[in-house]
Each structure stands twice: as C-alpha cells, then as structure tokens.
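Chemist: Next up is a structure, given as structure tokens.
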Amino acid sequence: MKTRMLILFGFLLVIGEVTRADTVWDSGHHEITAGDVFGEIYMYNDATADMFAGEVGKLETHDLTHFNFLGGDLTDLRIHGNGTADFSNGELNRLGIDGNGLLNLYAYDVTIYTTGGYYDRGWIEGKYFSDDSYFSFDFVLTNTHEHINIVPEPASLMLFCLGGLLLRKRRCCI
C-alpha cells in the first residue's frame, strides 16, 4: 500500500511539474539574454519581451502582448488573442498562432507549406535578413500560416516605393 501511495504521489508531482509555468509576465518590459534558461513563459495583458539569446522551452503570448525574437533557442511559441511577435533571428522548432495573433517575419526566400511537417499542419522555411541564416519550423495549430506576415527587406521596400513614384510621374506626363 505504501508503494502504491509513493508511486501515485510521484506521478502527481511529475504531472504538476510538467504543467507548471516557470514565469508569468502580466505587464512591463522583459529581456531574455545569454545564460537565461526558462522552461515556460506566459505573457499577459500588455507585457513585452525581447529575446536576444538564452533558451526558452515554451513561450505563450496572450491579450495585447508583444514578443521580439532577435536570437537564442526557443522550442515552442504560441501566439494567442491579439498577441504579436517579430522574428529577425534565432532557432525555433514549433509555432502555433490562433485568434488575431500575428507573426511578422523579417526574412526572404520564404516558402510556406500548408501540409506536411511533424504535425501535418504545415511548416515554413527561409532565411533571416539579419544574418542570412536558414530557418525552418513546424506549425502546431491549424491555419497558423494565415497569421504570418512576411516583411520585405528595407532596401526592397524602398525600391518598390521609388518604382511606384516613377510610374505615377510617368502617367501624369502622358
């Protein structure tokens, strides 16, 4: 009987540890830098965070939060509600976006696959503008690909604007 109780207690302890959040940020600005290691981070209300380096197992955004991914290793990112994230560098394995969540991806040569990947919900690959490093991550929620905004390189954007101005000027003179 004692053995069964110890096994049950150990099992409950393990389950409680898996579902427990390491950190909850309700507001304010936070930074994740070299040497920082988090199991889970949950962001709520108007919290913002910048990740420059370090390791995070899982990060979830809710409400009106904003997350800047500038480097480091992030295993799982979930963007819920009206949360947004900006990606310009770093390693990510899994991404899930629902509600009005949005991911701004500063990259080029981006290809989005709506099926396949580990979860058969699609995946994305490409290269970051910041250092030309390759990225690839799987989608874990259905329709995640609909919430991704590919942000063009600033120089390309400027060329588009100049081309538009030249076309407009040429039309006026005809």
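Chemist: Can you work out the FRET efficiency for the pair Thr114 and Asp73, with r the C-beta to C-beta distance and R0 = 30 Å, to the nearest 0.05?
Modeler: Efficiency, from the Cβ-Cβ distance: 0.70.
Chemist: Sort Leu141, Leu95 by accessible area with a 1.4 Å probe, largest first.
Modeler: Leu141, Leu95
Chemist: List residues of segment 81-110, by number, whose backbone nitrogen lies under 11 Å from a label position 7 Å along Cα→C-beta of Lys127.
Modeler: Under cut-off, by backbone N: 108-110.
Chemist: Using a 1.4 Å probe and counting only protein heavy atoms, arrange Glu146, Glu31 so the residue with the most accessible area comes first.
Modeler: Descending order: Glu146, Glu31.
Chemist: Rounded to the nearest 10 Å², what accessible area does Lys58 show when all protein chains are kept and the probe is 1.4 Å?
Modeler: So the heavy atoms of Lys58 present about 50 Å² to solvent.
Chemist: Output the peptides 23-30, 102-109, 35-42 sorted from most to least packed, where packing is the average of other Cβ atoms within 10 Å over each peptide's residues.
Modeler: Top of the packing list down: 102-109, 35-42, 23-30.
Chemist: Report the Cα centroid-to-centroid distance between segment 46-87 and segment 98-146 in angstrom, as an integer.
Modeler: After rounding, the separation between the Cα centres reads 15 Å.
The values are calculated or read from the model by the stated rules, or taken from the named source; none is laboratory data. These figures come from a predicted structure and were not determined experimentally. So basically every Cβ, Gly included, is an ideal-geometry build from the backbone, and we count neighbours across all protein chains shown. Heads up: the accessible areas ignore ligands, DNA and RNA and are worked out on the full protein's heavy atoms, side chains in. Shrake-Rupley method; radii C 1.70, N 1.55, O 1.52, S 1.80 Å.
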